[in-house]
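*Asks:* Below is a structure I'd like to ask you about.
Just so it is clear, none of the values below were taken in a lab; they were calculated from the coordinates. If you're wondering where the values come from, they're calculated on a predicted model, not measured in any experiment. Methodologically, a virtual Cβ is constructed for each residue, glycine included, from the backbone with ideal geometry; neighbour enumeration extends over all protein chains shown.
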Amino acid sequence: MFQPTPRDIKLLPDGIHITWTDGHQSYHEHRALRYQCGCAQCVNEMTGKRMISLTDVARDVEALDYTTVGRYALQFLWSDFHTTGIYPYTTLRMLCQCDLCRKARAPVGPSGAA
């Protein structure tokens, strides 16, 4: 199965913008993506329970830098000095906040309308 990979990554004041090899352009608001960190500090390794809440993440947090992890993930250096989270490409695509992805994830009501 074809797995798109990032072709271009920009850390901008309004968020993280990723252009993928399939042409999709993802958007991630800094704080929302920082909250989704899956490291052992943020998620209990035994239960999978999230150990932090969104209120634990500073409103002004932002990704300052990133590195690739193998051929499957990105790791960010956050302004709150958190660095241990790895964000697999599949997770980044699933969490995309662009209008197209938000619309695709919107629940469909009984009449078939979102």
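*Asks:* May I ask you to sort Cys37, Cys98 by Cβ crowding, counting other Cβ atoms within 10 Å and putting the fewest first?
*Replies:* Placing the least packed residue first, the sequence is Cys98, Cys37.
*Asks:* Still on this structure, please answer the following. So what's the back-of-envelope 222 nm ellipticity for the chain, counting only DSSP H runs of four-plus at -39500 (n - 2.57) apiece and dividing by all residues, rounded to 500?
*Replies:* My calculation for the chain gives -4000 deg cm²/dmol from helical runs alone.
*Asks:* Another one. What number, in percent, do you get for the relative contact order of the chain if the mean sequence gap of Cα pairs under 8 Å and at least 6 apart is divided by its residue count?
*Replies:* 21 percent
*Asks:* Hey, another quick one. Let me know the volume per residue of the alpha-carbon convex hull for the chain, in Å³.
*Replies:* Taking only Cα atoms, the chain has a hull volume of 149 Å³ per residue.
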